[in-house]
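For reference, the structure discussed in these notes is given below.
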Amino acid sequence: MQQVFGDKKAIAVFVIPALVLFILVGFIPIVQSFYYSMLDWNGIGKGKFVGLALYKDLFFTDTYDMQFLHSVWNTFYLAILSVGLQIPFAFLLALILARGIKGEKFYRTLFFIPVTISSAVIGLMFLSILNPNYGVLNAILAQIGLEGWKNDWLTNDKTALSSIMLPAVWQWVGYYMLLMYAAIKGISEEMFDAAKIDGASRWRATFSIVIPLITPIIKVCIVFAIIGSLKFFDLTFIMTNGTSAPATDVPSTLMYTTIFKRNMYGYGSAMAVFMVVECLVIYMGLQWLFRVRGEENGK
């Protein structure tokens, strides 16, 4: 095996097929999308080359009143909620389960089950909870005397986006919990025993041992949560029935509407290219931030 890993030709034989596949299904479509984004094209006839005019319209002119920048802000809001709610809650669950509570395996499986359920099913489940006419939430509010709190949760501008984010938090918190649970379980018990002998409380051990040692996993979870929010599509599309509205639009749903309902293929391609560049830039920014913070803490 060591001879294989030391042979550059052998490495190339293994790497080249995957590299070719990545170029075919990953890189070339992005280049094609960038080319289409410079065409005023409906996807069928011959497109008219307009350069970067569609990008200018997307960010400045907004001829078609799509409010694309507002949809970008919606994804940032989702990212803030993801990092602010999902990650701390998942860490708390992981911390509790990793301490070996009774029924540890059962609860670990229970919290992970939502990850295995289709987003379409989860969207329909939460529609039955949040629907203003037959939803469980409004019925409960009415039963406990909070009639005034009843709301059209998915169409009210103030609550629509947060209501759509709620099932996403519920669905993915188990995934982050499992990553952090595995990382905590990997910490040697001897370190906790030594901390206990030194008189450290559980919270002190958490902040001085657990968090520093699982920081790489927490960083991975933060990257997944933020990038996932920027690409958010399925639950938004299902819970709004594909209806475009500034309160709940995200770039991916706007892109779908623009291409498949308005037949503006070039315009939609510009949105797609922006999403690719946005994810890459933010990913590299996060990596740079984590590296700088790591170097500062290492001093």
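The values are calculated or read from the model by the stated rules, or taken from the named source; none is laboratory data. Quantities reported herein were computed from a predicted structural model and do not represent experimental measurements. Backbone-built Cβ (ideal geometry, glycine too); neighbour counts: all protein chains shown. Just so you know, the surface numbers come from the protein's heavy atoms only, side chains and all, with ligands and any DNA or RNA stripped out. Shrake-Rupley method; radii C 1.70, N 1.55, O 1.52, S 1.80 Å.
Springs between Cα atoms under 10 Å define the GNM used for the chain, and in it the highest mean-square fluctuation of Gln32, Gln171, Gln67 occurs at Gln32. Extent of the stretch 25-111 along its three principal axes (Cα atoms, max minus min coordinate, largest first): 66, 30, 18 Å. Solvent-accessible surface of the chain, taken per residue with a 1.4 Å probe and all protein chains present: 60 Å².
Using Cα centres only, tell me the gap between the stretch 119-164 and the stretch 11-30 in whole Å. Centre-to-centre distance over Cα atoms comes out at 46 Å. Springs join every pair of Cα atoms under 10 Å in this Gaussian network model of the chain, and among Val277, Val115, Val169 the largest mean-square fluctuation is at Val277. Here each label is just a point 7 Å from Cα along the line to Cβ, and for Ala245 and Thr206 those points are 3.8 nm apart. Springs between Cα atoms under 10 Å define the GNM used for the chain, and in it the highest mean-square fluctuation of Gly145, Gly266, Gly186 occurs at Gly145. Label the stretch 28-187 by shape, choosing from rounded, prolate and oblate, from the square roots a ≥ b ≥ c of the eigenvalues of the Cα gyration tensor; if a/c is under 1.5 it is rounded, and otherwise prolate applies when a/b is larger than b/c, oblate when it is not. It comes out oblate by the Cα gyration axes. Here is the list for the stretch 1-94: trypsin sites (Lys or Arg not before Pro) lying in DSSP coil, each with at most 12 other C-beta atoms within 10 angstrom of its C-beta, are Lys46. For trypsin sites (Lys or Arg not before Pro), the sites in the stretch 95-150 that DSSP calls loop and that have at most 13 other Cβ atoms within 10 Å are Arg99, Lys102. When the helices of the chain are scored as -39500 (n - 2.57) per DSSP H run of n ≥ 4 and the total is divided over every residue, the value at 222 nm lands at -20500 deg cm²/dmol. 3J(HN,Hα) along the stretch 166-182, derived from phi through the Karplus expression 6.51 cos²θ - 1.76 cosθ + 1.60 where θ = phi - 60°, amounts to 4, x, 5, 4, 4, 6, 9, 4, x, 5, 5, 4, 5, 4, 6, 4, 5 Hz, with x in place of Gly and Pro.
Rounded to whole numbers, the Karplus 3J(HN,Hα) couplings from phi for the stretch 155-160 are 10, 5, 4, 7, 10, 4 Hz, using 6.51 cos²θ - 1.76 cosθ + 1.60 with θ = phi - 60°, and x at Gly and Pro. Quick one: pull the percentage of alpha-carbon pairs in the chain with a separation above 37 Å. Summing the P(r) of the chain above 37 Å gives 33 percent of all pairs. Ranking Tyr55, Gly84, Phe68 by how far each Cα lies toward the positive end of the dipole of the chain (charges on Cβ) leaves Gly84 at the top.
Each of Ile96, Ala12, Phe27 was placed along the dipole of the chain (beta-carbon charges, centred on the mean Cα), and the one lying farthest toward the positive end is Ala12. In this structure, the residue pairs whose Cα-Cα separation is over 30 Å, taken from Lys196/Lys219; Lys102/Lys231; Lys158/Lys261; Lys56/Lys261; Lys48/Lys158, are Lys102/Lys231; Lys48/Lys158. With each label modelled as a point 7 angstrom along the Cα→C-beta vector, the Tyr256-Asp152 pair spans 2.2 nm. Along the charge dipole of the chain, pointing to its positive end and built from +1/-1 on Cβ of Lys, Arg, Asp and Glu, which listed residue (Leu235, Leu178, Ala194) has its Cα farthest out? About the Cα centre, the residue reaching furthest to the positive side is Ala194. For the stretch 116-190, chymotrypsin sites (Phe, Trp or Tyr not before Pro) are listed when DSSP marks them as loop and at most 14 other Cβ atoms sit within 10 Å of their Cβ; the list is Tyr134.
Element breakdown for the chain at a 1.4 angstrom probe: carbon and sulfur atoms account for 67% of the accessible area. Remark on Asn131: its backbone amide H falls under 5 Å from those of Val136, a criterion applied only to residues 5 or more positions apart or on other chains, H modelled at 1.01 Å from N. Within the same chain, aspartates and glutamates fewer than 8 places from Lys150 are excluded, and of the rest, none has a Cα less than 15 Å from its Cα. Taken about its Cα centre, the chain carries a charge dipole of about 520 debye when Lys and Arg each add +1 at the Cβ and Asp and Glu each add -1 at the Cβ.
Taking the Cα centre of each part, how many Å lie between the stretch 198-247 and the stretch 31-101? Each part's Cα centre sits 18 Å from the other's. In this structure the amide hydrogen of Leu39, modeled in the peptide plane, comes within under 5 Å of the amide hydrogens of Val50, none closer than 5 places in sequence on its chain.
Sequence-ordered 3J(HN,Hα) estimates for the stretch 193-203 from the Karplus curve with 6.51, -1.76 and 1.60 and θ = phi - 60° stand at 5, 5, 5, 5, 5, 6, x, 6, 6, 4, 5 Hz, glycine and proline given as x.
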